[in-house]
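Q: Input: one structure, supplied below.
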């Protein structure tokens, strides 16, 4: 079984690679960004460009020993407000130094694509079966 490094080491590794202008891919865990990002899908991380992250982009932040990839909903000079797409409440304010990278691409896994297709099929079938709908 492959073991992952502790999150603090992973955050430092990501910070180091990004600081050198590198790109890397990590796997999404959890469902807070569903349906845009599903567990197991690859998140391609890259360095921040001038003015990033902007509202609408997904930023990877290191906070309280956790890595969190959530969408930016508001930005001021040195702070961000983020929220998972599946969440109803904003995250606590993120300080600028907690932002590690921006997600440039989501690499879909075949398994996640199958789940996404099944959810869409189920939603269509249940909507068609509701009484009073034509």
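The values are calculated or read from the model by the stated rules, or taken from the named source; none is laboratory data. Please read these numbers as outputs of a predicted model, since none were measured by experiment. So basically every Cβ, Gly included, is an ideal-geometry build from the backbone, and we count neighbours across all protein chains shown.
Q: Say whether the condition of being assigned to a strand (DSSP E or B) and either touching a strand residue (DSSP E or B) at 6+ places or on another chain (Cβ under 9 Å) or within 25 Å of residue 89 (Cβ to Cβ) (or both) is met by at least one residue in the stretch 1-21. Walk me through it before giving the result.
A: Just the residues of the stretch 1-21 that are assigned to a strand (DSSP E or B), to begin with: none.
Scanning the stretch 1-21 turns up no residue that is assigned to a strand (DSSP E or B) and either touching a strand residue (DSSP E or B) at 6+ places or on another chain (Cβ under 9 Å) or within 25 Å of residue 89 (Cβ to Cβ) (or both).
Q: Considering every residue within the stretch 70-79, establish whether at least one is closer than 20 Å to residue 19 by Cα and under 10 Å from the mean Cα position of the chain (by Cα).
A: Of the stretch 70-79, the ones closer than 20 Å to residue 19 by Cα are 78-79.
Checking the rest, the ones that are also under 10 Å from the mean Cα position of the chain (by Cα) come to none.
Within the stretch 70-79, not a single residue is closer than 20 Å to residue 19 by Cα and under 10 Å from the mean Cα position of the chain (by Cα).
Q: Could you count how many residues in the stretch 93-134 are more than 24 Å from residue 49 (Cβ to Cβ) and at pLDDT 95 or above?
A: 0
Q: Residue 29 is checked against (1) surrounded by fewer than 17 Cβ atoms within 10 Å (Cβ to Cβ); (2) touching a residue at least 12 places away in the same chain (Cβ under 8 Å); (3) more than 22 Å from residue 96 (Cβ to Cβ) and fails just one. What number does that condition carry?
A: The one condition residue 29 does not meet is (2).
Q: On to the next question. Within the stretch 23-60, which residues are within 17 Å of residue 7 (Cβ to Cβ), assigned to a loop (DSSP other than H, G, I, E, B) and in contact with a strand residue (DSSP E or B) (Cβ under 6 Å, 6 or more places away or on another chain)?
A: Across the stretch 23-60, the qualifying residue is only 28.
Q: Within the stretch 53-69, can you find the residues that are farther than 23 Å from residue 40 by Cβ and over 15 Å from the mean Cα position of the chain (by Cα)?
A: Residue satisfying the conditions is 64 alone.
Q: Next question, about the same structure. Can you find a residue that is within 17 Å of residue 108 (Cα to Cα) and either touching a helix residue (DSSP H, G or I) at 6+ places or on another chain (Cβ under 9 Å) or exposed (fewer than 15 other Cβ atoms within 10 Å of the Cβ) (or both) anywhere in the stretch 60-73?
A: No, the stretch 60-73 contains no residue that is within 17 Å of residue 108 (Cα to Cα) and either touching a helix residue (DSSP H, G or I) at 6+ places or on another chain (Cβ under 9 Å) or exposed (fewer than 15 other Cβ atoms within 10 Å of the Cβ) (or both).
Q: Determine, yes or no, whether residue 67 is modelled with pLDDT under 95, touching a strand residue (DSSP E or B) at 6+ places or on another chain (Cβ under 7 Å) and closer than 15 Å to residue 91 by Cβ. Let's see the steps before the verdict.
A: Working: modelled with pLDDT under 95: yes; touching a strand residue (DSSP E or B) at 6+ places or on another chain (Cβ under 7 Å): yes; closer than 15 Å to residue 91 by Cβ: yes.
Yes.
Q: Tell me, yes or no, whether the stretch 74-90 has at least one residue that is surrounded by 12 or more Cβ atoms within 10 Å (Cβ to Cβ), touching a helix residue (DSSP H, G or I) at 6+ places or on another chain (Cβ under 7 Å), modelled with pLDDT under 95 and assigned to a loop (DSSP other than H, G, I, E, B).
A: No, every residue in the stretch 74-90 fails to be surrounded by 12 or more Cβ atoms within 10 Å (Cβ to Cβ), touching a helix residue (DSSP H, G or I) at 6+ places or on another chain (Cβ under 7 Å), modelled with pLDDT under 95 and assigned to a loop (DSSP other than H, G, I, E, B).
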